[in-house]
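Data block below; observations after.
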Amino acid sequence: MTDNGRRHDQVQSFRKLREESEISSALAEDTFLDDDLLRQLMAVGEVDLLVGIVSHGNASTTTQAVLAIERSFQQRFTRQRAVIVDAYGADKDQSSAASGPSNVPEQNVRLADSLSLRTIQRVTADFAVPPSPGLALRTILAAADLLRARACAVVSPGTTNLTPDWIAKLLKPAYQDKFDFVAPLYTRHKFQGLLARNLFYPMSRAIFGGGIRELYSDEWGFSGRLATDCLNQDVWHEEHIGSRPEAWMAISAMSSDFRCCQVFLGEKSQSATGSGPDIVEVFRQTVGSLFWCMESRQSEWLDREKSEAVQTFGPEHELTSGPSELDRHRIFEMFRSGVTELEPILGSILDSETHAEIKGLVSLEEDNFRFPSELWVKTLYDFAASYHHAVLNRDHLVQALAPLYRGVTFSYLAEHSDSSPDEIEAVNEALCAEFQRQRPYLRDKWKVKVEVKS
Amino acid sequence: MARQKDNLWYKDAVIYQLHVRTFSDSNADGIGDFAGLTQRLDYLQDLGITAIWLLPFYPSPLRDDGYDIADYSSVHPSYGSLDDFKTFLTAAHNRGIRIIIEMVLNHTSDQHPWFKEARSSHDNPKRDWYVWSETDTRYEGVPIIFVDTETSNWAWDPTSKSYYWHRFFSHQPDLNFDNPAVIEALWEVMRFWLEMGVDGFRFDAVPYLVEREGTLCQNLPETHAIIRNLRKRLDEAFPGRMLLAEANNWPDDVRPYFGDGDEFHAAFHFPLMPRMFMSVKLEDRKPIIDVLEKTPEIPNTCQWCIFLRNHDELTLEMVTEVERDYMYDEYAVDKTMRINRGIRRRLAPMMDNDRRRIELLNGLLMSMPGTPIVYYGDEIGMGDNIYLGDRNGVRTPMQWNGERNAGFSNADPERLYSPVISNAVYGSQVINVDSQERTGHSLLRWMKSLIQLRNSFQVFGRGTLQFLKPSNHRVLAYVRQLGDETVLVVNNLSNSAQAVELDVRRFKGNIPIEMFGRNLFPRFGDLPYLLTLGPYQFYWFQLRRI
């Protein structure tokens, strides 16, 4: 080859390189991972364990959470390559330098009793504003995927009694026993977690199979395999994923033959977060997310009966008794006023028979009021089917369920004020069975062609 | 080449450890000897080592590979004569190689005349040269070192009907250092060899010289007083000679053996050794940094001696239970490979004969603070034989060529003190000096260039150490500095390619020169300095401000 020919080839080669570089720049602009995070991940390399933590600038609880994670790595996983990924979003009035986990003093975490053989890595995804839970989870999943983590967990610094033992319990089923999703179980007061007990658990169990009691939790574990699967789903633009991605991840596991289990963690304390979102907003986020999952995964559950027991490590439930601070009278009044005010909307959502039964309940006195479980299940299935058929704005539709849930809550409080934990558990099982029994009703309603009312 | 007149020579030395028995047999009796060793000195000079540490060559029943000495002032007949030793010593000195010999002063063989006299009668003048007791309950709680073979530190002597103290094997009674006559006798032994011209002593089992009730009988103040006494005499009568301590302890516990520069000149850094192996297996610099950051400063005239493997098991005394389990699982999965609290394997088999890992570990050995010790045969990647019992598997004949007995001896193979390694991977047909001399890229040739480089820069032996700690924990980077001499060492501890960004702002303006190829790299500036390293690759950069 002549010098000219060689030079020509070289020019072509450089041109190609530049074009490729422009392409990769364009691709880089699409990515949600910034270069700094990528650089940190590059330095970490492949890991066995990854724990993601979403801190919203709360320095004290973040420090406590990071310490718990590091202790768990140091004492329980002495040989494993481990990393903490903090999807950190500084509050506007707090500087990131003050409160990010990477700023937890070394002497605090390098314990004298440390048994760990390896460096425990810490990575911070520093967002300008606090990221949405969905973006935080997506960042953690991307880190897990890029680092080829075998077992992962997500924890919240809002849980103030996070212990090394909890972290180990969340990681071990995925690391040692090849489970893909590890849901937590907590000690609950019998009147705590009523939304989970009366709606999410029995309904998701009937629809998707596999009973995960805490579908919406602040901490859970998962495999690298599931992380990659979830990361690659084209869902990240969805509002429901942005606000409450945890149930979606659990449902993704349950409905796609990933192996799920539950681990009992014990009593959970949370930092005081003010009044928190009201019940309507909670419904919009959580029930909306559940219905959206049913919609987006209908091919996986509609014609498929699947009910597999989920293996549980530790007790499956632990309920405590004690006086309740709930204002039953106010709940009842809000049920009555809600049903009355929303009558036209409920009429377009509910089957006429269901609607009539609910209207009948409104006329009952408090002492005689009971919301039958059959009616509650039918109501939920009507709502789910109407969500599917989009009979009205889906946000409005989901919010209309809130007053009916108040009726169920009032009924539950009245019926079980003296019930033992075992009795409550038996009632819960019966409710699950009712959801299962009425599943054909849901399927029929789901499949029927509906003309959307104007 | 004449020996340099620097009294701190041991700080710049590269020491080669060998046993006369294993190296070269000149008279075809199957056992290496001084005449054979002398013939091989050109090889050692060419290798670039500057000192030889000889394992015990004294008359001995050889029940502990010569550490059971029966006569301190002679040579075991199998290895030749005193004259042979003198010839060897002169030949080594003529090549600029210093000689360090063993001083096993904690105990003798039970066949030593001193002990024979001591046990002969309670009234014998030598009786008090050893530690006797009517019961075996004194010094309770003192750990047993050879847990695989001994059940007590006391042994019953049926001759004198009393117990004698032994920290090692029961055929090795401990000398009584509370008796000044013992110290005088041992000084006379030292003087004997020093006058002949030896350059240093490796003091065996130093921490255990003195016993006191209610203690662990180790590292006692009285032991330090004895060492200071011997050191003072040495400095006065034989300046420029050195004492090397074997104290298998944590650096903090070894530090007192340097005193104020008035006890030992050098001491082994035992805890670093397993952590180098651990770091490479874990692909994480943490173990190395942890132990070196916990290593105290020592007087300027003192030095740590560092090593990868030696004639004993790879000792796991100075590690945690978790670390020991890890080392066993990763390096001694076959239980035959384990002995006492350690691993009886050589470097190359432990590295799965992976040339890159062998080079990396040797690179660490030569660039870390301290005087490196190379165990014979490791420079060519010799294998081991874990089925030979005790630690004999790492003490097989040196493999000189692919001929009969690996060129070690002309005796019939059956007569050799130990079988030559003969398997398909490490056998002498494959691994030997001759073939590696003739191969340009052999491990031996590479080791020569490594040692030559080390010898060319005093910074390695005397410089300070500072870790850079880049965010990539699989990369171990440190700066060695001595006056104007600055070297940056960057090691990839992992089995995969790595990128690393180094904060070298304080060296802004310096040009890094890769020391093996003398190639210039881009000048350091304000930005993080990006390097990429292949699996187990390492760089040594000389920093030049031009």
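The values are calculated or read from the model by the stated rules, or taken from the named source; none is laboratory data. Here the structure is a predicted model, which means the values were calculated and not measured. Positions of Cβ are backbone-derived with ideal geometry, glycine not excepted, and every protein chain shown enters the neighbour counts. Areas reflect the complete protein model, heavy atoms only, side chains present, ligands, DNA and RNA absent. Shrake-Rupley method; radii C 1.70, N 1.55, O 1.52, S 1.80 Å.
Laid out as a table, the results:
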| read-out | value |
| --- | --- |
| Mean ellipticity per residue at 222 nm, deg cm²/dmol - from DSSP H runs of n ≥ 4 across the protein assembly as shown, formula -39500 (n - 2.57) | -11500 deg cm²/dmol |
| Stokes-Einstein translational diffusion, segment A:325-447 - Kirkwood Rh over all Cα pairs, 1.002 mPa s, 20 °C, in µm²/s | 142 |
| Inter-chain Cβ neighbour average for residues A:115-128, partner chain, 10 Å | 4 |
| Rg over Rh [alpha-carbon atoms, Kirkwood Rh] for segment B:486-527 | 0.98 |
| Solvent-accessible area per residue, Å², over segment A:325-447 with all protein chains present [probe radius 1.4 Å] | 44 |
| Estimated distance in nm for a label pair at residue A:264 and residue B:387, the labels positioned 7 Å out from Cα along Cα-to-Cβ | 5.3 |
| Residue A:419/residue A:345 FRET efficiency (R0 25 Å; Cβ-Cβ; nearest 0.05) | 0.15 |
| Peptide B:320-327, shielding by other chains (average Cβ, 10 Å cutoff) | 3 |
| Cα gyration tensor shape for segment B:140-288, rounded if a/c is under 1.5, else prolate or oblate | oblate |
| Translational diffusion of segment A:380-443, µm² s⁻¹ [Kirkwood Rh, Cα pairs; Stokes-Einstein; 4 °C; 1.567 mPa s] | 95 |
| Overall form of chain B per C-alpha gyration tensor (a/c, 1.5; a/b vs b/c) | prolate |
| Listing of segment B:477-511 residues, each with accessible area lower by at least 10 Å² in the full protein assembly than in the chain alone (probe 1.4 Å) | B:499, B:501 |
| For peptides A:417-428, A:371-382, sequence by mean Cβ density within 10 Å, most packed first | A:371-382, A:417-428 |
| Rounded percent of accessible protein surface that carbon and sulfur make up, segment B:406-546, 1.4 Å probe | 48 |
| Cross-link table B:448/B:508; A:169/B:294; A:172/B:335; A:169/A:445; B:286/B:508; A:178/A:268, entries beyond 30 Å C-alpha to C-alpha | B:448/B:508; A:169/B:294; A:169/A:445 |
| Distance (nanometres) between label positions extended 7 Å along Cα→Cβ at residue B:353 and residue A:129 | 6.3 |
| Geometric extent, Cα atoms of segment A:31-319 - Rg, Dmax (angstrom) | 18.0, 57 |
| P(r) weight above 54 Å for the protein assembly as shown, C-alpha pairs, percent | 37 |
| Residue-normalised accessible area of segment A:124-271, expressed per residue, 1.4 Å probe, Å² | 30 |
| Distance between segment B:500-546 and segment A:195-266 - C-alpha centres, whole angstrom | 49 |
| In the B-A interface, the accessible area buried, summed over both sides, Å² (probe 1.4 Å) | 1400 |
| DSSP bridge orientation in chain B - percent antiparallel, rounded to nearest 5 | 60 |
| Förster-model FRET efficiency, 56 Å R0, residue B:93 and residue A:236, C-beta, rounded to 0.05 | 0.15 |
| Highest average packing first - B:290-300, B:171-181, Cβ atoms within 10 Å | B:171-181, B:290-300 |
| Potential lengthening between residue A:328 and residue A:271 on full extension [0.36 nm per residue; Cα-Cα distance subtracted] | 18.0 nm |
| Förster-model FRET efficiency, 25 Å R0, residue B:229 and residue B:195, C-beta, rounded to 0.05 | 0.85 |
| Order by protection proxy (mean Cβ within 10 Å, highest first), peptides A:165-176, B:41-52 | A:165-176, B:41-52 |
| Within 10 Å of each Cβ in B:281-288, the average number of Cβ atoms from other chains | 4 |
| Relative contact order of chain B, pairs being alpha-carbon contacts under 8 Å that are 6 or more residues apart, as % | 12 |
| Over segment B:390-502, volume per residue of the alpha carbon convex hull, in Å³ | 187 |
